[in-house]
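**Q** Quick one: this structure, given as structure tokens, is what I'll be asking you about.
Where a number appears in this text, it was derived from the coordinates with a stated rule and is not lab data. Worth saying up front: this structure is predicted, and the values here are computed from it rather than measured. Here the Cβ positions follow ideal geometry from the backbone for every residue, glycine too, while neighbour counts run over all protein chains shown.
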Amino acid sequence: MKENFQVAIDGPAAAGKSTVAKKVAQICSFIYIDTGAMYRALTFKALEEKVDLTDGQKLKSILDSAIIKLKPTKNGQRVILDGEDVSEVIRYQNVTNAVSLVSSHREVRKEMVLRQRNLAKNTGVVMDGRDIGTHVLPDADVKIFLRASVEERALRRYKELMAKNILAVSLEKLQEEIALRDKKDSEREVSPLVKAEDAIEIDTTSLSIEDVVDRILALVKERQSH
Ligand code: CDP
Ligand code: CDP
């Protein structure tokens, strides 16, 4: 079997990417790389340092000095920024609402993509984000694009943030914010959120997590047997 088998999973916010990516990675013994967490960690650092988020050069210099590690643990993946565990704070509303602006800068994306490709070297990998199939891993063995209605995605994120005790807004407001972030991510100039031509689209609106995982595993198996 190929040593560095690559699975790319893209899609809009709360479509289920990270949940299914983690499970597929676990079952296949691949590593999981949450690229959104990397953009969130940079955004957290930029907000802490009160940097102008429209200044791509400045953000790039902040990124150059940032050590971002994705650490697998038995309680899931932890995100470590400059030695500090930021896994929870990067999911807060202030980071979520600023991350699309930070990630729209060419300088920032160039450096992030280098780091992401580096992490995926010489190992089986499941990577999720917005530009994985189109840009980060254009030759990925399996490319998936997950979709779900915005109502369903808002409801999923609402329940998730409630369970984590970090919900700061109503369901209606959350839906608005998700729709706005999708719009910004889809309309930006550099590597926008778009389905790769050769990606397989799965609408997860009425699918369970297990259904989606099973479909992806079947595609992985099929590719591996080629
Ligand atoms: O979990 P959720 O889908 O809400 O977002 P995420 O995957 O944590 O990504 C947060 C944000 O980072 C996205 O809304 C994008 O603005 C940005 N991002 C990106 O531009 N490219 C990626 N490959 C991953 C995330
Ligand atoms: O990574 P992304 O933002 O695309 O979504 P996620 O964080 O994996 O999923 C958002 C929430 O939806 C999680 O709480 C999942 O458990 C839930 N989910 C679901 O209910 N049904 C699915 N088919 C996929 C995810």
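**Q** When you look at S104, is it within 19 Å of D182 (Cβ to Cβ), within 16 Å of ligand 2 (Cβ to nearest atom) and either under 15 Å from the mean Cα position of the chain (by Cα) or part of a strand (DSSP E or B) (or both), yes or no? Working first, answer last.
**A** Values: within 19 Å of D182 (Cβ to Cβ): yes; within 16 Å of ligand 2 (Cβ to nearest atom): no; either under 15 Å from the mean Cα position of the chain (by Cα) or part of a strand (DSSP E or B) (or both): yes.
In short, no.
**Q** Another one. State all residues of the stretch 107-146 that are of a type in the set (S, T, N, Q) and assigned to a helix (DSSP H, G or I); if no residue qualifies, say none.
**A** Once the filter is applied, which keeps residues that are of a type in the set (S, T, N, Q) and assigned to a helix (DSSP H, G or I), the stretch 107-146 yields Q116, N118, T134.
**Q** Which residue, of K195, K184, K221, is over 23 Å from L70 (Cβ atoms), out of contact with any Lys or Arg (no Cβ under 7 Å at 6 or more places or on another chain), surrounded by fewer than 21 Cβ atoms within 10 Å (Cβ to Cβ) and free of Cβ contacts under 8 Å to residues at least 24 places away in the same chain?
**A** K221
**Q** Residues of the stretch 78-101 being among the small types (G, A, S), in a helix (DSSP H, G or I) and without any contact (Cβ under 8 Å) to a residue 60 or more places away in the chain, which ones?
**A** Passing the criteria: only A98.
**Q** In the stretch 124-143, which residue that is under 27 Å from E88 (Cβ atoms) and not small (G, A, S) is nearest to ligand 2 (Cβ to nearest atom)? Write out each step before concluding.
**A** Going residue by residue through the stretch 124-143, those that are under 27 Å from E88 (Cβ atoms) are 125-132, 136.
From what's left, not small (G, A, S): 125-128, 130-132, 136.
On the way: V125: 16, V126: 12, M127: 12, D128: 6, R130: 10, D131: 14, I132: 12, V136: 16 Å.
So the residue we want is D128.
**Q** If the requirement is being outside any strand (DSSP E or B), free of Cβ contacts under 8 Å to residues at least 40 places away in the same chain and either exposed (fewer than 13 other Cβ atoms within 10 Å of the Cβ) or not aliphatic (A, V, I, L, M) (or both), which of these qualifies: Q57, Q26?
**A** Answer to the selection: Q26.
**Q** Take the residues in the stretch 170-191 that are among the acidic types (D, E) and within 14 Å of ligand 2 (Cβ to nearest atom); name whichever of them is nearest to T134 (Cα to Cα).
**A** D185
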